[in-house]
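The values are calculated or read from the model by the stated rules, or taken from the named source; none is laboratory data. Since the model is a prediction, treat every value here as computed from it, not as a measurement. Here the Cβ positions follow ideal geometry from the backbone for every residue, glycine too, while neighbour counts run over all protein chains shown.
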Amino acid sequence: MKCLVVDDSATMRRIVVNALKSIGHTDLIEAADGSEGLQKCDASVELVITDWNMPIMGGLELVKALRANAATTKTPVLMVTTRSVQEDILQAIEAGVSGYILKPFTPQVLREKISQIMAAA
Amino acid sequence: MITMSSHNIRSLATELDQTMSLVNELVREIQAAAAAGQITGPVVALASSLTKRPDLAQLPAMMLRAYGGIMDALGGIQRRRETIQAFEAERLTVTQKQLSEVSTATESATIDIMDGLDRSLALIDQAQSQANAAGSSDLAGSLELLRAELNQLFGHLQFHDITTQQLGGVGALLDEIEALVTDAARLFDQSTDLSAGDSVERPAGVFNPTATFADVKVRQAAIDAAFAKTPPLAVVARA
């Protein structure tokens, strides 16, 4: 499964990539913000894992842009973030986020959430 | 803002003192002339009303005392402004830099640890291949457990991302305090350059000031419940 990891923190990208590899996902591409993620996300990408707080284009804007594009409108998006206030969650749901994981997370939580959203997709 | 010097105030007080002495002398002359029947009319009444007022000769001294009090107060404000400026220029700026250093140091340490973990995982891959080739399933199993442990350690390094966001929140708060302190100092003395120190560049929106390690499972459960209540795909389908 081709997976795009979007996070402005290089260390956080590395952690997500390591977690994905540890659960068997090896076809991975990375982007440092929402804008770069949008450029790299085409129909071949099967899952987007994105942070929320990023410069240039944040994760929420990325999701909205993906949903507005016919090629990526149904691409599952997993938000991995520290944001947990109710208003943020509702915004994420409204924007079309498929799943939501709070940092810090474990590879097990990542595996479960990916299974859930890929099953629903 | 003080526009009159202490010397000017004293000169003015001296002139006022001399003027008031002349006025008092004039009043006495008018009253003496009125008593002798030499003058009558409104000027006598005016002189009489002037004598009923507090001693006008005391006015210059009162003015000087008031001026001294005002100068003392302004001096206190000036010292307070200097204290605020020192606080703004030194402590806040130093604290900002310290926060930045903490973030940089932890990032560097995190990357070093990640490199070490990557090397360790590569060694486990190598050892596991050898164990498999030798048919040692026990060793291969142990190495798999070790790999899982290292992967868990990798995950724990998320502390860096969270603390960086928390430090970003603290830094932004310090930026606000610095701006408020600068504005307050300008109220006391607009002539002084109170530009903010070398502040740390902080692009908007790149951190969550409420980032926390606390109650992750409880908060995750609440999020899962919200997603279960309103399936995102239904929202997308409506759109």
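Given (1) under 23 Å from B:Ala211 (Cα atoms); (2) more than 7 Å from chain B (Cβ to nearest Cβ); (3) part of a helix (DSSP H, G or I); (4) not aromatic (Phe, Trp, Tyr), where does A:Leu78 come up short, assuming only one miss? A:Leu78 satisfies all of (1) under 23 Å from B:Ala211 (Cα atoms); (2) more than 7 Å from chain B (Cβ to nearest Cβ); (3) part of a helix (DSSP H, G or I); (4) not aromatic (Phe, Trp, Tyr) except (3).
Scanning segment A:1-20 for residues that are more than 9 Å from every other protein chain (Cβ to nearest Cβ) and surrounded by fewer than 18 Cβ atoms within 10 Å (Cβ to Cβ) yields A:Met1, A:Lys2.
Checked against (1) at pLDDT 95 or above; (2) at the interface with chain B (Cβ under 9 Å from one of its Cβ atoms); (3) over 12 Å from the mean Cα position of the chain (by Cα), A:Ile56 passes all but a single condition, namely (1). Listed by first and then second residue, the pairs linking a residue in segment B:92-109 that is over 15 Å from B:Gly168 (Cβ atoms) to a residue that is assigned to a helix (DSSP H, G or I), with Cβ atoms under 7 Å apart and 6 or more places separating them unless they lie on different chains, are B:Leu92/B:Leu174; B:Leu92/B:Ile177; B:Leu92/B:Glu178. Among A:Gln116, A:Gln91, A:Gln108, which is the only one that is among the polar types (S, T, N, Q) and free of Cβ contacts under 8 Å to residues at least 12 places away in the same chain? Within the list A:Gln116, A:Gln91, A:Gln108, the selection yields A:Gln108.
Of the residues screened, A:Leu20 is one that is within 13 Å of the chain's Cα centre (by Cα), of a type outside the set (Ser, Thr, Tyr), in a helix (DSSP H, G or I) and farther than 23 Å from B:Phe207 by Cα. Of everything in segment B:44-60 that is surrounded by 13 or more Cβ atoms within 10 Å (Cβ to Cβ) and aliphatic (A, V, I, L, M), the residue that is farthest from B:Ser6 (Cα to Cα) is B:Val44.
Examine segment A:111-120 for a residue that is β-branched (Val, Ile, Thr) and either over 12 Å from the mean Cα position of the chain (by Cα) or more than 10 Å from every other protein chain (Cβ to nearest Cβ) (or both), and state whether such a residue exists. The answer is yes; a qualifying residue exists.
Comparison of B:Gln130, B:Gln85, B:Gln58 shows that the only residue that is among the polar types (S, T, N, Q), part of a helix (DSSP H, G or I) and modelled with pLDDT of 85 or more is B:Gln130. For B:Ser100, the test of being more than 41 Å from the chain's Cα centre (by Cα), among the polar types (S, T, N, Q) and modelled with pLDDT under 90 is failed. When you go through B:Ala184, B:Ala196 one by one, which is the residue that is part of a loop (DSSP other than H, G, I, E, B), modelled with pLDDT under 85 and either more than 7 Å from every other protein chain (Cβ to nearest Cβ) or closer than 29 Å to B:Ser100 by Cα (or both)? The conditions single out B:Ala196. Scanning segment A:27-70 for residues that are touching a residue at least 40 places away in the same chain (Cβ under 8 Å) and assigned to a strand (DSSP E or B) yields A:Leu47, A:Val48, A:Ile49, A:Thr50. When segment A:91-100 is filtered for residues that are more than 7 Å from chain B (Cβ to nearest Cβ) and either surrounded by fewer than 24 Cβ atoms within 10 Å (Cβ to Cβ) or of a type outside the set (Gly, Ala, Ser) (or both), the ones remaining, listed by number, are A:Gln91, A:Ala95.
Rundown of residues vs (1) surrounded by fewer than 19 Cβ atoms within 10 Å (Cβ to Cβ); (2) at pLDDT 95 or above, yes/no style:
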residue	(1), (2)
A:Ser22	no, no
A:Ala43	yes, no
A:Trp52	no, yes
A:Pro76	no, yes
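Each residue in segment B:93-114 was checked for being within 12 Å of chain A (Cβ to nearest Cβ) and acidic (Asp, Glu), and 2 pass.
Which of the residues belonging to segment B:218-231 are at the interface with another protein chain (Cβ under 9 Å from one of its Cβ atoms) and either closer than 21 Å to A:Asn53 by Cα or among the hydrophobic types (A, V, I, L, M, F, W, C) (or both)? Hits for segment B:218-231 are B:Arg219, B:Gln220, B:Ala222, B:Ile223, B:Asp224, B:Ala226, B:Phe227.
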